[in-house]
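Notes follow once the structure below has been shown.
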Amino acid sequence: MLEYAELTAILPHRHPILQIDRVLEVEPGRRIVAVKAVTGTEPCFAGLTDGLPASAYAFPPALIVESLGQAGAALWVLSARAGGDEPRGTLVFGAARDFRFAGAAYPGDVMRHEVVVESLKPNSAVMRGETWVGDRRIAVVGSMLAVARPESELAAGPTD
Amino acid sequence: MTQVMSDRMNELREVVAEVLEVEPEEITETSHFVDDHDADSLRAIEILARLEKMYKIEIPQTELPRMENLRAVHDVVKQYAGWQD
């Protein structure tokens, strides 16, 4: 199990965009299970007016995918380290495909992300994952691509 | 072109079209992924990853610059999958 403080040594993300709280299980090169607790104090709920329906407090799908993606990023880094290596450069979320949302997470819910490796290379990773709240599966991402890019390339701005 | 080759070419075209988010018929054997279909390096990696999964092969990332159109993709996959025709 990896706690929040340990995650800051694995992921470059920081408050408030570090979107996983704890890693429950990890099998390097294969899979990871990580959780994020959703609260009413999330920045995405700041400033909402009174009297809104419950649906206004559904954790945004884009952030569910971000959170799931960060679980995948942690898996990539931990897998590389288990092999005595480190992804070269900054991890960039490249693409998410075939995603389906079948539910929502609300303040008080704990999202559990299960991410499985499809392919891992020195500078790219493909994974798929699911997000659960208790025994409800709220999201499925069929394919997530991440790449490791050298700092110099990112600083230079977008290229083709 | 043999039937097998033409079937494979269409199969590859479907994969590429899905990743580049264009209609399959827009992709010819020589239309350029970057110049003609607005691909970028992330899309190229995605195409490579899908081909690897689909054909259960390993394609080195050093082949990426070569995979600039459908015909080149076919040649690369042919090489690593050991297709004879």
Quiz prompt | First in the stretch B:1-29 and in contact (Cβ under 8 Å) with a residue 40 or more places away in the chain, second anywhere and in a loop (DSSP other than H, G, I, E, B), Cβ under 6 Å, 6 or more apart | solution = B:THR2/B:ASP85; B:VAL4/B:ASP85; B:MET5/B:ASP85; B:ARG13/B:ILE27; B:VAL16/B:ILE27
Practice problem: From B:LEU42, B:LEU12, grab the single residue that is at pLDDT below 95, buried (at least 16 other Cβ atoms within 10 Å of the Cβ), on the phi < 0 side of the Ramachandran plot and out of contact with any Phe, Trp or Tyr (no Cβ under 7 Å at 6 or more places or on another chain). | Solution: B:LEU42
Quiz item: For residues in the stretch B:39-85 being part of a helix (DSSP H, G or I) and among the β-branched types (Val, Ile, Thr), which is farthest from the chain's Cα centre (by Cα)?
Solution: B:THR62
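If I go through the stretch A:99-109 residue by residue, how many of them are closer than 15 Å to A:GLU66 by Cα and surrounded by fewer than 16 Cβ atoms within 10 Å (Cβ to Cβ)?
Selection size over the stretch A:99-109: 2.
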Quiz prompt | Unique residue being away from every other protein chain (no Cβ under 14 Å), closer than 21 Å to B:LYS56 by Cα and modelled with pLDDT of 95 or more when the list is A:GLY129, A:GLY108, A:GLY134 | solution = A:GLY129
Quiz item: Has the stretch A:63-75 got any residue that is away from every other protein chain (no Cβ under 14 Å), crowded, with 16+ Cβ neighbours inside 10 Å, touching a Ser or Thr at 6+ places or on another chain (Cβ under 7 Å) and in contact (Cβ under 8 Å) with a residue 12 or more places away in the chain?
Solution: yes
Practice problem: Take the residues in the stretch A:77-105 that are modelled with pLDDT of 95 or more and over 22 Å from A:LEU24 (Cα atoms), then tell me which one is farthest from the other protein chains (Cβ to nearest Cβ). | Solution: A:GLY103
Quiz item: So which residues in the stretch A:123-147 are closer than 17 Å to A:VAL77 by Cα and without any contact (Cβ under 8 Å) to a residue 40 or more places away in the chain?
Solution: A:ASN123, A:SER124, A:VAL126, A:ARG128
Practice problem: Being over 19 Å from B:ASP75 (Cα atoms), out of contact with any His (no Cβ under 9 Å at 6 or more places or on another chain) and surrounded by fewer than 14 Cβ atoms within 10 Å (Cβ to Cβ) is the filter here, so list the residues in the stretch B:22-39 that pass it. | Solution: B:GLU23, B:GLU25, B:ASP35, B:ASP38
Quiz item: So which strands (runs of 3 or more DSSP E) stay within the stretch A:1-104 end to end and still have 2 or more residues that are farther than 29 Å from A:ASP135 by Cβ?
Solution: A:90-101
Exercise. Return the pairs, sorted by first residue and then second, in which the second residue is part of a helix (DSSP H, G or I) and of a type in the set (Val, Ile, Thr), the first residue lies in the stretch B:56-74 and is under 11 Å from B:ALA44 (Cβ atoms) and more than 11 Å from chain A (Cβ to nearest Cβ), the beta carbons are less than 6 Å apart, and the residues are 6+ apart or on different chains.
Key: B:GLU63/B:VAL76; B:MET67/B:VAL73; B:MET67/B:VAL76
Self-check item: Residues of the stretch A:121-160 satisfying the condition of being assigned to a helix (DSSP H, G or I) and surrounded by 12 or more Cβ atoms within 10 Å (Cβ to Cβ)
Solution: A:GLU153, A:LEU154
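The values are calculated or read from the model by the stated rules, or taken from the named source; none is laboratory data. Since we're looking at a predicted model, the values are computed, not measured. No Cβ is skipped: glycine too gets one built from the backbone with ideal geometry, and neighbour counts run over all protein chains shown.
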